[in-house]
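**Q** Just passing along the structure, written as structure tokens.
The values are calculated or read from the model by the stated rules, or taken from the named source; none is laboratory data. Remember, it's a predicted structure, so these values are computed and weren't measured experimentally. Positions of Cβ are generated from backbone atoms using ideal geometry, with glycine treated the same way; all protein chains shown enter the neighbour counts. Just the protein is used for accessible areas: all its heavy atoms, side chains included, with ligands, DNA and RNA removed. Shrake-Rupley method; radii C 1.70, N 1.55, O 1.52, S 1.80 Å.
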Amino acid sequence: MVLDTVLTIIFVNYQTSNEVKGACMQTMAIIGAQWGDEGKGKLTDLLAEKCDLVVRYQGGHNAGHTIWVNGQKTVLHVIPSGVLHPHCLSVIGHGVVLEPENFLTELARIKQVTKVSPDNLKISSTATVITSYHKLLDAAREAQGSEKIGTTGKGIGPAYEAKVSRRAIKVKDLLDKDTLVRRLSNGYAEKAIIFKHLYQIDFPTIEQEVERLYRFGETLKDYVTDSFGLIDQKLSQGKRVLYEGAQGILLDIDYGTYPYVTSSSTAASGIFTGAGIPHHKLEEVIGVAKAYTTRVGEGPFPTELHDEMGTLIQQKGNEIGATTGRKRRCGWIDIPLLRYAVKCSQLSSIALTKLDILCGLSELKVCYAYEVNGKTVDCAYPGINLYNAKPLFKDFKPFNDDFTGKPSQELQNYINFIQEAVGIPVGIYAYGPDRNQIVFRKDYF
Ligand code: GDP
Ligand code: IMO
Ligand code: MG
């Protein structure tokens with residue numbers, strides 16, 4: 001009798017989920033298709049209006065996602081960019097690395113502009129915690145290492161290292177002092193030697209760090225949940241879920257321009273491990289790309305402009321990092337890299353941003369292929385040494401649209417060339433930072 005009842009409930013639940021699945025698009029992702037800062041925050045905020053959940057699945061507060069609504073700027077680091085829509089549940093998934101102090105500061109700031117509470121913001125109990133040690137290690141390595149990555153200095157790499165080496169502290173551990181002491185003690189002796197003898201820097205004792213983290217745990221405990229179970233339940237109820245990527249595919253730990261990458265899976269594969277959604281449930285993957293290319297930190301950049309045009313785009317585009325305040329390096333759009341990004345994440349459409357920044361420039365170029373050792377290469381496969389790739393450019397007639405009416409022929413030519421070259425539609429394009437400065441060429445809902 002009891003078993004029968006259980007089976008009936010399970011059967012009904014699955015029926016519901018199957019019925020809903022075919023009805024309309026239920027799951028989509030927004031992923032950076034370049035080296036980050038493509039405008040993911042703006043896109044996520046916009047699409048979140050029609051979604052029930054927005055889920056961050058990787059990265060941490062190294063991200064800086066900017067949203068402009070009616071002249072008001074909001075920058076989000078680890079809180080999902082759907083948070084300005086209080087009806088939308090924001091979820092920080094288990095693949096994220098969370099620095100509790102920074103999270104609480106961000107939360108307090110965001111509470112001043114929108115309604116946020118444990119009812120509409122959740123943190124995975126198994127997200128990895130960034131400790132003081134991780135932050136100190138990140139900074140020390142960047143200061144003294146021979147191969148500087150140009151990290152954001154937030155402790156991201158060391159926190160993911162701790163996770164992979166099975167020594168990390170999980171969010172749920174913040175809620176229990178004994179567990180915190182036990183977990184922090186694991187590997188402490190090794191860290192103490194590194195801090196004292198290798199880097200000669202002061203570092204907190206276990207007791208100090210336990211007190212600090214436990215205090216934060218007490219403050220954020222109402223937000224903590226089993227995010228896997230929550231997402232699973234919402235999916236089976238037919239709720240619409242948007243996965244928000246941080247960084248970009250070219251910064252992915254496996255697909256990116258290693259070692260000049262971040263330490264997480266920024267590509268679509270990160271959604272499956274970092275949020276727990278099955279592969280077949282991801283229906284649309286939107287790759288966000290700037291109409292040109294930017295990069296912060298070190299690493300190869302074939303189309304980088306070292307001349308006045310590079311400076312002009314940097315200044316006109318206000319290309320300054322939202323997290324670190326560093327100037328972003330700028331260059332023309334790079335099709336071989338975008339083609340590669342499409343393959344890495346099975347992107348289904350492109351959102352092309354910042355077209356307004358290219359308006360009225362004296363010249364306009366698209367890198368359609370590279371010349372590498374005398375051969376033409378049209379996709380930036382990882383086997384290609386990007387330092388050795390000479391970009392081949394196609395010139396375009398510059399456009400000068402004000403984006404109020406029909407796009408000019410020049411603008412259409414530029415967008416259509418990119419669309420054809422990457423092989424998936426440019427479904428959206430953006431021409432300003434505000435939520436409404438956007439054009440849909442494809443129906444997403
Ligand atoms: P994210 O990390 O991908 O969310 O992007 P960031 O917020 O770091 O950087 C994108 C910057 O471009 C932000 O300052 C946005 O406000 C701005 N932005 C986004 N789309 C557009 C656009 O179409 N035109 C202009 N001018 N700015 C844009
Ligand atoms: P959003 O989400 C641009 C870059 C850093 C550095 C490398 C490694 O705003 O697009 P890390 O601190 O992650 O170990 O740094 O990755 N980086 C970003 N660049 N946008 C970001 O995030 C970035 N997050 C990290 O500059 O080169
Ligand atoms: Mg950013």
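**Q** Once phi is turned into ³J(HN,Hα) by the Karplus curve 6.51 cos²θ - 1.76 cosθ + 1.60 with θ = phi - 60°, what whole-Hz value does each residue of the stretch 99-113 show in order, with x for glycine and proline?
**A** Along the stretch 99-113, the couplings run 9, x, 5, 5, 4, 5, 5, 5, 4, 4, 5, 6, 4, 6, 10 Hz.
**Q** Could you put Phe228, Phe272 in order of accessible surface area, largest first, with the 1.4 Å probe and the full protein assembly present? Could you put the intermediate results ahead of the total?
**A** Values: Phe228 100, Phe272 45 Å².
The ordering from most to least exposed comes out as Phe228, Phe272.
**Q** Further question: So what does log10 I(q)/I(0) come out to for the chain at q = 0.10 Å⁻¹, using the Debye formula with one equal point on every Cα and no solvent?
**A** For the chain, the Cα-only Debye profile gives -0.73.
**Q** Rank these residues by their accessible area, most exposed first, probe 1.4 Å: Glu209, Glu371. Intermediate results must be reported in sequence, preceding the final value.
**A** Details: Glu209 0, Glu371 75 Å².
Sorted descending by solvent-accessible area, the residues read Glu371, Glu209.
**Q** In nm, to one decimal, how far is the Asn373 label point from the Ser408 one, both placed 7 Å along Cα→Cβ?
**A** Label at Asn373, label at Ser408, 4.3 nm between them.
**Q** Between Lys327 and Glu142, how many nm apart are label points set 7 Å from Cα along the C-beta direction?
**A** The modelled label-to-label distance comes out at 1.8 nm.
**Q** While we're on this one: Skipping prolines and chain starts, which residues have an amide H placed within reach, meaning under 5 Å, of the one on Val224, given they are 5 or more residues away or on another chain?
**A** Ile123
**Q** I need the trypsin sites (Lys or Arg not before Pro) found in the stretch 144-174, filtered to DSSP loop residues with at most 16 other beta carbons within 10 Å of theirs.
**A** Hits after loop and neighbour filter: Lys148, Arg166, Arg167.
**Q** Modelling each spin label as a point 7 Å along the Cα-to-Cβ direction, I'd like the Glu161/Ile320 distance in nm, to one decimal.
**A** That separation, rounded to one decimal, is 3.2 nm.
**Q** Across the stretch 343-354, in residue order, what do the Karplus-derived ³J(HN,Hα) couplings come to in whole Hz, using 6.51 cos²θ - 1.76 cosθ + 1.60 with θ = phi - 60° and x for Gly and Pro?
**A** Values, residue by residue: 5, 5, 10, 6, 4, 9, 7, 10, 10, 9, 10, 6 Hz.
**Q** Moving on to the next point. May I ask you to evaluate 6.51 cos²θ - 1.76 cosθ + 1.60, the Karplus curve with θ = phi - 60°, for each residue of the stretch 404-413 and list the ³J(HN,Hα) values in order in whole Hz, giving x for glycine and proline?
**A** Here the 3J(HN,Hα) series is 8, x, 5, x, 5, 4, 5, 5, 4, 4 Hz.
**Q** Additional query: Report the local net charge at Val181: Lys and Arg +1, Asp and Glu -1, summed over other residues whose C-beta lies under 11 Å from its C-beta.
**A** Taking every other residue near Val181 into account, the sum is -3.
**Q** What share of Cα pairs, in percent, lie more than 16 angstrom apart in the stretch 311-358? Please report the intermediate quantities before stating the final value.
**A** Working: 611 of 1128 pairs.
The calculated P(r) of the stretch 311-358 puts 54 percent of pairs beyond 16 Å.
**Q** Are there any GluC sites (Glu not before Pro) in the stretch 102-193 that are in a DSSP loop and have at most 16 other Cβ atoms within 10 Å? List them by number. Can you show the working numbers first?
**A** Numbers: sites: Glu106, Glu142, Glu147, Glu161, Glu190; in loops: Glu147.
The qualifying sites are Glu147.
**Q** Out of residues 5 or more away from Leu89 or on other chains, whose amide H comes under 5 Å of its own, with H placed 1.01 Å from N in the peptide plane?
**A** Placed amide hydrogens put Leu53, Val54 under 5 Å from Leu89.
**Q** Picking from Asp138, Asp176, Asp202, which is most flexible by a Gaussian network model of the chain using Cα springs under 10 Å?
**A** Asp202
**Q** Per-residue accessible area for His279 at 1.4 Å probe radius, Å² rounded to 10?
**A** 130
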